[in-house]
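**Q** Handing you this structure, nothing more for now.
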Amino acid sequence: MSIFILLDGLLLYAPIWAEYYYNALTEMYADGVQYLELRSLLPDLYCLDGTPLKMTDTVAIYKSETERFMANNPDFIGARLIYAPLRGVEPKVVDEYVQKCIALKKEFPTFLTGFDLVGQEELGRPLIDFVEPLLKMPEDINFYFHCGETNWFGTSIDENLIDAILLGTKRIGHGYAIVKHPVAIEMVKKLDIAIEVCPVSNQVLQLGQDYRNHPAAMLIANDVPIVIASDDPSFWRATPLTHDFYFAFLGIAPFSADLKLLKHLAISSIRYSGLTDEEKSKGMDKWQKQWNKWIESLTKAA
């Protein structure tokens, strides 16, 4: 978290923030990413004279820069925002988060897709402490909770997994500890909740050293829905997504895995997104064209 704070003074100048985000989209697109769901604290930006902007202004910048990027890159599917403030707060603050999220959804009904609480779980409060305010969230705002990012067993941290599922989360960020909870595994399978697997982050943060022993290997073996995601890749100079896919395929996946698994993982990114059914269909058309081009390039190079 200290790295984020270190950069605040530079990046939170509104014009720089807009270019920073646009450049992030450019890097992702160059890495083969066609769709993004971005978790953001929605920090308070400022103008050159020091005037602070409102949270809605920050969202408006995200939205306008996304639209500008899509206009310049027609095969880019788009981006959506997950409002993700810090979890290390009192329940009354989470109630304020919820009210802010509701207001943002009214102003940006298609761009804002969901809500999460971020920050190191051990240093924050467990989800169960926030149940009362979180239950006030309208059904049209999805939950995408970070939870179970730990090696510990039987703590409030890995028990966040159960509370996230009971709260109706649509995906689970990391979910590293879920293999220690067989009931939770059955619940995510039954409810079709995808686990966001972030291989590079898990190794850098020392949750595990050998990808062959990564919990996601068991998830794949048990047909648990997963998507491959990245977690702060710029901090460790990783690519936006390729490195995570690389380690997921070569280290976590079964030795017999082939292009079918890569295709399945890519499709899952759209299937478990916050897009509407119509948007998913259009997104799949754009993705399929790029997949076909890639397969054609492989056959020509063979």
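**Q** Taking segment 1-130 on its own, what percent of its Cα-Cα pair distances exceed 17 Å?
**A** On the way: 5228 of 8385 pairs.
The share of Cα pairs beyond 17 Å in segment 1-130 comes to 62 percent.
**Q** Scan around R39 for amide H atoms under 5 Å from its own, H built in the peptide plane at 1.01 Å from N, and keep only partners 5 or more places away or cross-chain.
**A** I82
**Q** Suppose R0 equals 22 Å; then what is the FRET efficiency for N151 and L250 from their Cβ-Cβ distance, rounded to the nearest 0.05?
**A** Values: r = 23 Å, r/R0 = 1.04.
FRET efficiency, N151 to L250: 0.45.
**Q** Determine ³J(HN,Hα), in whole Hz, for all residues of segment 10-19 in sequence, where each value follows from phi through the Karplus function 6.51 cos²θ - 1.76 cosθ + 1.60 and θ = phi - 60°; x replaces Gly and Pro.
**A** For segment 10-19, the Karplus curve yields 7, 6, 7, 6, 3, x, 5, 4, 4, 5 Hz.
**Q** Along segment 120-129, what does the Karplus equation 6.51 cos²θ - 1.76 cosθ + 1.60 (θ = phi - 60°) give for ³J(HN,Hα), rounded to whole Hz, x for Gly and Pro?
**A** Calculated HN-Hα couplings, in order: 4, 4, 4, 8, x, 9, x, 4, 4, 6 Hz.
**Q** Just how far, in whole angstrom, is segment 219-290 from segment 179-213 if you go by their alpha carbon centroids?
**A** Centre-to-centre (Cα) distance: 14 Å.
**Q** Using 7 Å Cα-to-Cβ label points, what is the E19/N222 separation (nm, one decimal)?
**A** 4.9 nm
**Q** Search the structure for amide H atoms under 5 Å from the amide H of L117, placed 1.01 Å from N in the peptide plane, and list their residues when 5 or more places away or on another chain.
**A** Answer set, sorted by chain and number: H146.
**Q** Another question, if that's okay. Could you run the Karplus curve 6.51 cos²θ - 1.76 cosθ + 1.60 with θ = phi - 60° over segment 94-108 and give me ³J(HN,Hα) per residue in whole Hz, x for Gly and Pro?
**A** Whole-Hz 3J(HN,Hα) from phi for segment 94-108: 5, 4, 5, 4, 4, 5, 5, 5, 4, 5, 5, 5, 5, 7, 10.
**Q** Follow-up. List the lysines whose alpha-carbon lies under 24 Å from that of K293, not counting same-chain residues fewer than 8 positions away?
**A** Within the straight-line cut-off, K293 pairs with K260, K263, K280, K282.
**Q** Rounded to two decimals, what is the ratio between the C-alpha radius of gyration of segment 2-301 and 2.2 N^0.38 Å? The partial results should precede the final answer.
**A** On the way: Rg = 19.0 Å, N = 300, 2.2 N^0.38 = 19.2 Å.
Dividing the Cα radius of gyration by 2.2 N^0.38 Å gives 0.99.
**Q** Just for the Cα atoms in segment 143-211, what are the lengths along the principal axes, largest first, rounded to whole Å?
**A** Principal-axis extents of the Cα atoms in segment 143-211, largest first: 30, 21, 18 Å.
**Q** Mind giving me the nanometre distance, one decimal, between the label points for E278 and L298, set 7 Å out from Cα along Cα→Cβ?
**A** Output for this residue pair reads 3.4 nm.
**Q** Which net charge results when you count Lys and Arg as +1 and Asp and Glu as -1 among the other residues whose beta-carbon is under 13 Å from that of P254?
**A** Values: positive: R212, K260; negative: D223, D258.
Once positives and negatives cancel, what remains is 0.
**Q** Quick check on segment 66-197: what does the Kirkwood estimate of hydrodynamic radius come out to from the alpha carbon pairs, in Å?
**A** Values: mean 1/r = 0.0642 Å⁻¹.
About 15.6 Å, per the Kirkwood formula over Cα pairs.
**Q** Run the paramagnetic zone check for D31: 7 angstrom along Cα to Cβ, then residues of segment 221-262 with backbone nitrogen under 16 Å.
**A** Hits in segment 221-262 for D31 at 16 Å: 227-249.
Throughout, read-outs are computed from the coordinates displayed, never taken from laboratory work. In this text, all values refer to a predicted model and were calculated from it rather than measured experimentally. Here the Cβ is made from the backbone with ideal geometry for all residues, glycine too, and neighbour counts use every protein chain on show.
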